[in-house]
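Single-structure report; data block below.
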Amino acid sequence: MTPEPRHPVEPWALVEEGVDIERLAQAESLFALSNGHIGMRGNLDEGEPAGMSGTYLNGFYESFPLEYGERGYGFAEDGQSVVNVTDGKIIRLQVEDEPLDVHRGEVIHHERRLDFRAGILERTLHWRAASGHEVKLRTRRLVSFSLRSLAAIEYEIEAVDRPIRVAIQSNLQANKVDAAHEDDPRKARAMNDVLRPLLSVDHGMRVVLGHETKRSGLVMASGMEHVLEHDGEVSTLTQSEPDLGRVTLSAELEPGRSLRLCKFLAYHWSSQQSVDWLRDQVDASLESALAEGFKGLAEAQRETLDRYWQRADVELEGDPQLQQALRFAMFHVFQAAVRNEGRAVPAKGLTGSGYDGHAFWDTESFVLPVLTFTAPKTVRHALEWRHSTLDSARERARQLRLRGAALPWRTIHGEECSGYWPAGTAAFHVNAAVAAAVRRYVTVTGDLEFERRTGCELLVETARLWASLGYHDERGDFRIDGVTGPDEYSALVDNNVYTNLMAQLNLRSAVEATGRHPETAAELGVDDGERHEWQRAADAMFVPYDEERGLHPQDQDFLEHQPWDFENTPPDEYPLLLHYPYFQLYRKQVIKQADLVLAMHWRGDAFTAEQKHRNFDYYERLTVRDSSLSASTQSVLAAEVGHLELARDYLEEAAFMDLEDLAHNTKDGLHMASLAGAVLAAVAGFGGVRDYGGRLSFRPRLPKGIDRLRFSLEVRGTVLRVQIGAEDTTFTLSQGDSVRFTHWDEEVTLQGGESVTLDIPAYEEEQPPIPPPGREPRAGRKRLDWPEPPLAAHPYGEEVHFVGPSAPHGADD
């Protein structure tokens, strides 16, 4: 346990006091800004010191050949890695010829604040040079939600006790070299000097640079423009070189008088357009920025977030630190996708280069379920990106001698980039994750036009893959052999329960969607015979079950394997993949991340309550959580089977994964699926929310220390507000005509404006199962006690009472 939280507990912000050089790289991830198109790490304005500088454009990558000691047919040919593009965040300051550097002089005060409601990163610094001259600096940085190609920085400098001369250098720099990478497969490939310069022009205080990636042939243009406010004389110099643009200003400052500089940045890229056209787009975007000004961009930012929080806020009373962590999670998940038009949501968002900037199946399995109920347009865009990769996926399936589409395990552009096929190509369950995301989006939004134009083809091509991958045995069962499920410590197994159940849902979804859209089905070549084939396979899907043990094996042979020797595994040898060969992992009962337990979450309708309880207790003892994806799922199921304290511990692990750097790799970027998973753990775990068959159900229970939980769900224009206490649940239909759902198996119907309060059944919590030795939940924080606060003003107008620093619930949408 840490004696105090690393960040002051505030309900709507993340604050860093002082400068911790040792944790600088982690802080750069935590304070990163994004809009789903541009991502900027939270580097210091002066650019140095830096753990890892980073500015990223979603989908902009460099390719490289994958190297194999022995190459086999069907191996992926090329890798792809996100490019650290032209860095426009840098603004350097000289005070009487001495550079402002947190390593030098004296840092009297330093604070950074990421405001979840404003979408702005603010920094304040009071610095004394070795010469004794003092300055105060205030900067505000945003990546625009309203104009997705823009970012802006407001930079204000003030002399403190005597007149000083300052020089400001605002840079636009390409091909910055990152620090050397460690030997960790989760990290990005070292990609330096990958941008070939194409143009560099300047005019006034504007500079535009153009570059092209050397192998993938993608072209980008970036530009910066400046607006200066100062009542004295200022000298300026603008320079442009192939990889560098710089605007230098010099001015005399009187004590108490400030100089204010607004820097606007624009980024455009394309695989088809010329650099000249992209330059024109950058100039146009910069003109729009000048017209809006920093104030206008900041107001638009706040308006977007006001709308988001009104429908998305999850309010948790009794634990202010956990409340802050949940809002941190929801803010980062939202900004990772808010302007992702036609692009994926990568595993790290745009906060770092970890995993090479790739998107995986966890986007559809963890991130999109949260966004479906809070920001559904982003889900449509993410699924449209998947749809745009179908040609590559169909080609991949043909290469594997399969029908339909084999969606990639990891990718940026759509091609398979995993060089390790047992945990990549064989993990076909990515198809089912995408299909489930399509099904959920259409069910929740009623967007049948999307289903007709985009969703149907995704469902058809993924169903075709399952139909060709599996087969009917002599008993008539439909089997899927030689696949890898979510647990990457097992590979090439037969009849993985999660894979089979999710494939079953995929097949049924394809039957239903083609039935709703017969013309689209005909265009895709789907006839009644193929639909019957899918239905027959789904109905006959083999789901292994061990009657003697009363357990579902993770795959048909899993329970026959030798258990892993946990007692003799040193704590410093986790994660196991960094210390043991896969050969040893694959043949033992040891689980990297929830697999069968994940099946019980997303396909809980296929299990009885008793089966869930027995399965959870068994697999809890084998799961080492060497993946950040695991804790949230274990939390959801622990809550469902009644282990509420264990569920809370796992919720905390998911929520604090990055804030406390529990996996020791937050420096490479945030864990988007774990952040989204924390929200799922709160809403699906303690809220007990399920949507099996498109029908909402609730089985809520709260653990000790969480006094109340509030959230909203929007389904087809109907907004249902949920408030859960220790003994009862209140449902209010705040928008829409009517809604039907179940609460602890009781049917409930509400009309517009109605509320109902229902009792939560009493229960006695049982002794929870014990995780493997040394792998207990890693929340690692001190729970704080807070005094009762006064009545506080609601941010959207009404007066409410809330606990501790936790903020009030959003108003009606």
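The values are calculated or read from the model by the stated rules, or taken from the named source; none is laboratory data. It should be emphasised that the depicted structure is a prediction, and the values quoted were computed from it without experimental measurement. Backbone-built Cβ (ideal geometry, glycine too); neighbour counts: all protein chains shown. Please note that ligands, DNA and RNA were not included when accessible areas were found on the heavy atoms of the full protein model with its side chains. Shrake-Rupley method; radii C 1.70, N 1.55, O 1.52, S 1.80 Å.
Quick check on the stretch 538-574: of everything there that is under 19 Å from Asp494 (Cα atoms) and part of a helix (DSSP H, G or I), which residue is most open to solvent (accessible area, probe 1.4 Å)?
Glu560
What is the one condition in (1) outside any strand (DSSP E or B); (2) touching a helix residue (DSSP H, G or I) at 6+ places or on another chain (Cβ under 9 Å) that Ala130 does not satisfy?
(2)
Looking only at the stretch 373-401, filter to residues that are among the hydrophobic types (A, V, I, L, M, F, W, C) and outside any helix (DSSP H, G or I); which one of those is surrounded by the fewest Cβ atoms within 10 Å (Cβ to Cβ)?
Just the residues of the stretch 373-401 that are among the hydrophobic types (A, V, I, L, M, F, W, C), to begin with: 373, 375, 379, 382-383, 385, 390, 393, 397, 400.
Filter once more, keeping what is outside any helix (DSSP H, G or I): 375, 400.
Working: Ala375: 21, Leu400: 19.
Going through the qualifying residues, I end up with Leu400.
Condition first: open to solvent by 10 Å² or more (accessible area, probe 1.4 Å) and within 24 Å of Tyr441 (Cα to Cα). Can you find one or more residues in the stretch 612-626 that meet it? Write out each step before concluding.
Within the stretch 612-626, the subset open to solvent by 10 Å² or more (accessible area, probe 1.4 Å) is 612-614, 617-618, 621-622, 626.
Right, trim to within 24 Å of Tyr441 (Cα to Cα) and you get none.
The answer is no, given that none of the residues of the stretch 612-626 is open to solvent by 10 Å² or more (accessible area, probe 1.4 Å) and within 24 Å of Tyr441 (Cα to Cα).
Using the structure shown, decide if Gly424 is over 23 Å from the mean Cα position of the chain (by Cα) and touching a residue at least 60 places away in the same chain (Cβ under 8 Å). If you could, list the steps in order and put the result at the bottom.
On the way: over 23 Å from the mean Cα position of the chain (by Cα): no; touching a residue at least 60 places away in the same chain (Cβ under 8 Å): yes.
The answer is no for Gly424.
Rundown of residues vs (1) touching a residue at least 60 places away in the same chain (Cβ under 8 Å); (2) closer than 16 Å to Pro700 by Cα; (3) of a type in the set (D, E, K, R), yes/no style:
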site: Glu640; (1), (2), (3): no, yes, yes
site: Glu645; (1), (2), (3): yes, yes, yes
site: Arg648; (1), (2), (3): no, yes, yes
site: Asp658; (1), (2), (3): yes, no, yes
site: Gly669; (1), (2), (3): yes, no, no
site: Val683; (1), (2), (3): yes, yes, no
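Quick one: would you say Val370 is among the β-branched types (Val, Ile, Thr) and either surrounded by fewer than 23 Cβ atoms within 10 Å (Cβ to Cβ) or under 12 Å from Met672 (Cα atoms) (or both)? Quick ask: steps written out before the conclusion?
On the way: among the β-branched types (Val, Ile, Thr): yes; either surrounded by fewer than 23 Cβ atoms within 10 Å (Cβ to Cβ) or under 12 Å from Met672 (Cα atoms) (or both): yes.
So Val370 passes the test.
Mind listing whichever residues of the stretch 441-456 are assigned to a helix (DSSP H, G or I), surrounded by fewer than 21 Cβ atoms within 10 Å (Cβ to Cβ) and of a type in the set (D, E, K, R)?
Glu449, Arg452, Arg453
In the stretch 281-334, which residues are at negative phi and not in a helix (DSSP H, G or I)? Talk me through it step by step, then tell me what you get.
In the first step, residues of the stretch 281-334 are kept if they are at negative phi; the result is 281-292, 294-317, 319-334.
If the condition is that a residue be at negative phi and not in a helix (DSSP H, G or I), then Asp313, Val314, Glu315, Leu316, Glu317, Asp319 are the ones that fit.
Among residues belonging to the stretch 419-440 that are part of a loop (DSSP other than H, G, I, E, B) and either at pLDDT 95 or above or out of contact with any strand residue (DSSP E or B) (no Cβ under 9 Å at 6 or more places or on another chain) (or both), point out the one that is farthest from Thr484 (Cα to Cα).
Initially, the stretch 419-440 is screened for residues part of a loop (DSSP other than H, G, I, E, B), giving 419-420, 424-428.
In the following step, the residues that additionally are either at pLDDT 95 or above or out of contact with any strand residue (DSSP E or B) (no Cβ under 9 Å at 6 or more places or on another chain) (or both) were identified as 420, 424-428.
Numbers: Tyr420: 12, Gly424: 8, Thr425: 9, Ala426: 5, Ala427: 5, Phe428: 7 Å.
Among them, the one singled out is Tyr420.
In the stretch 527-537, which residues are open to solvent by less than 20 Å² (accessible area, probe 1.4 Å) and out of contact with any strand residue (DSSP E or B) (no Cβ under 8 Å at 6 or more places or on another chain)?
Going through the stretch 527-537, the residues open to solvent by less than 20 Å² (accessible area, probe 1.4 Å) turn out to be 530, 534, 537.
Glu530, Trp534, listed by residue number.
Can you name every residue in the stretch 649-693 that is charged (D, E, K, R) and touching a Gly at 6+ places or on another chain (Cβ under 7 Å)?
Glu660, Lys667, Asp668, Arg690
Is the stretch 459-470 home to any residue that is closer than 16 Å to Arg536 by Cβ, of a type in the set (Ser, Thr, Tyr) and open to solvent by 30 Å² or more (accessible area, probe 1.4 Å)?
Among the residues of the stretch 459-470, at least one is closer than 16 Å to Arg536 by Cβ, of a type in the set (Ser, Thr, Tyr) and open to solvent by 30 Å² or more (accessible area, probe 1.4 Å), which makes the answer yes.
If you take the residues in the stretch 253-305 that are among the basic types (Lys, Arg) and touching a strand residue (DSSP E or B) at 6+ places or on another chain (Cβ under 6 Å), which one is farthest from Asp115 (Cα to Cα)? Even if it seems obvious, please write down each step before you answer.
From the stretch 253-305, those among the basic types (Lys, Arg) are 257, 260, 263, 279, 295, 302; that's our starting set.
Restricting the remaining residues to those that are touching a strand residue (DSSP E or B) at 6+ places or on another chain (Cβ under 6 Å) gives 260, 263, 279.
Details: Arg260: 21, Lys263: 20, Arg279: 32 Å.
Looking at residues that are among the basic types (Lys, Arg) and touching a strand residue (DSSP E or B) at 6+ places or on another chain (Cβ under 6 Å), I get Arg279.
Going by the conditions given, is Ala406 small (Gly, Ala, Ser) and assigned to a loop (DSSP other than H, G, I, E, B)? Give the steps one after another, and end with the answer.
Details: small (Gly, Ala, Ser): yes; assigned to a loop (DSSP other than H, G, I, E, B): yes.
Yes: the conditions hold for Ala406.
Could you look through the stretch 205-223, keep only residues that are out of contact with any helix residue (DSSP H, G or I) (no Cβ under 8 Å at 6 or more places or on another chain) and closer than 19 Å to Phe294 by Cα, and pick out the one that is least open to solvent (accessible area, probe 1.4 Å)?
The selected residue is Val207.
If Thr2 satisfies all but one of (1) open to solvent by less than 30 Å² (accessible area, probe 1.4 Å); (2) at pLDDT below 95; (3) β-branched (Val, Ile, Thr), what's the number of the condition it fails?
Here Thr2 meets the rest and fails (1).
Against the condition touching a Gly at 6+ places or on another chain (Cβ under 9 Å), surrounded by 18 or more Cβ atoms within 10 Å (Cβ to Cβ), in a helix (DSSP H, G or I) and not hydroxyl-bearing (Ser, Thr, Tyr), how does Leu265 come out, does it pass? Reasoning before the result, please.
On the way: touching a Gly at 6+ places or on another chain (Cβ under 9 Å): yes; surrounded by 18 or more Cβ atoms within 10 Å (Cβ to Cβ): yes; in a helix (DSSP H, G or I): no; not hydroxyl-bearing (Ser, Thr, Tyr): yes.
No, not satisfied.
Only one residue in Asp356, Asp447, Asp391 is free of Cβ contacts under 8 Å to residues at least 40 places away in the same chain and among the acidic types (Asp, Glu), so which one is that?
Working: Asp356 fails: free of Cβ contacts under 8 Å to residues at least 40 places away in the same chain; Asp447 fails: free of Cβ contacts under 8 Å to residues at least 40 places away in the same chain.
Checking each option against the conditions leaves just Asp391.
Does the stretch 575-591 include one or more residues that are crowded, with 22+ Cβ neighbours inside 10 Å and closer than 29 Å to Leu680 by Cα? I'd like the intermediate steps shown before the answer.
Of the stretch 575-591, the ones crowded, with 22+ Cβ neighbours inside 10 Å are 590-591.
If we keep only those that are closer than 29 Å to Leu680 by Cα as well, we get 590-591.
Checked against the condition, which is being crowded, with 22+ Cβ neighbours inside 10 Å and closer than 29 Å to Leu680 by Cα, the stretch 575-591 yields at least one hit.
Identify all residues within the stretch 484-496 that are buried (at least 24 other Cβ atoms within 10 Å of the Cβ) and under 26 Å from the mean Cα position of the chain (by Cα); write none if there are none.
Matches in the stretch 484-496: Thr484, Gly485, Pro486, Asp487, Tyr489, Ser490.
Which residue, of Gly79, Gly74, is surrounded by fewer than 21 Cβ atoms within 10 Å (Cβ to Cβ) and either in contact with a Leu (Cβ under 8 Å, 6 or more places away or on another chain) or modelled with pLDDT of 95 or more (or both)?
Details: Gly79 fails: surrounded by fewer than 21 Cβ atoms within 10 Å (Cβ to Cβ).
Selected residue: Gly74, the only one of Gly79, Gly74 that is surrounded by fewer than 21 Cβ atoms within 10 Å (Cβ to Cβ) and either in contact with a Leu (Cβ under 8 Å, 6 or more places away or on another chain) or modelled with pLDDT of 95 or more (or both).
If Leu142 satisfies every condition in (1) modelled with pLDDT under 95; (2) open to solvent by less than 60 Å² (accessible area, probe 1.4 Å) but one, which is the exception?
Of everything listed in (1) modelled with pLDDT under 95; (2) open to solvent by less than 60 Å² (accessible area, probe 1.4 Å), Leu142 misses just condition (1).
Only one of (1) over 27 Å from Pro8 (Cβ atoms); (2) crowded, with 24+ Cβ neighbours inside 10 Å; (3) of a type outside the set (Ser, Thr, Tyr) is not met by Gln335, so which one is it?
Status for Gln335: all satisfied but (1).
Give me the pairs: first residue in the stretch 101-113 and within 17 Å of Val160 (Cβ to Cβ), second residue small (Gly, Ala, Ser) and open to solvent by less than 50 Å² (accessible area, probe 1.4 Å), beta-carbon distance under 6 Å, and six or more apart or on different chains, which are they?
Gly105/Ala129; His110/Gly18
Quick check: is even one residue across the stretch 99-116 part of a strand (DSSP E or B), open to solvent by less than 10 Å² (accessible area, probe 1.4 Å) and of a type in the set (D, E, K, R)?
Yes, because at least one residue in the stretch 99-116 is part of a strand (DSSP E or B), open to solvent by less than 10 Å² (accessible area, probe 1.4 Å) and of a type in the set (D, E, K, R).
Mind checking which strands (runs of 3 or more DSSP E) fall wholly inside the stretch 689-772 and carry at least 2 residues that are closer than 21 Å to Gly604 by Cβ, open to solvent by less than 20 Å² (accessible area, probe 1.4 Å) and in contact (Cβ under 8 Å) with a residue 40 or more places away in the chain?
Values: elements: 708-715, 718-724, 728-735, 738-743, 746-751, 755-759.
In the stretch 689-772, the matching strands (runs of 3 or more DSSP E) lie at 708-715, 738-743.
Quick one: count up the residues across the stretch 514-537 that are in contact (Cβ under 8 Å) with a residue 12 or more places away in the chain, outside any loop (DSSP other than H, G, I, E, B) and of a type in the set (A, V, I, L, M).
Within the stretch 514-537, residues that are in contact (Cβ under 8 Å) with a residue 12 or more places away in the chain, outside any loop (DSSP other than H, G, I, E, B) and of a type in the set (A, V, I, L, M) number 2.
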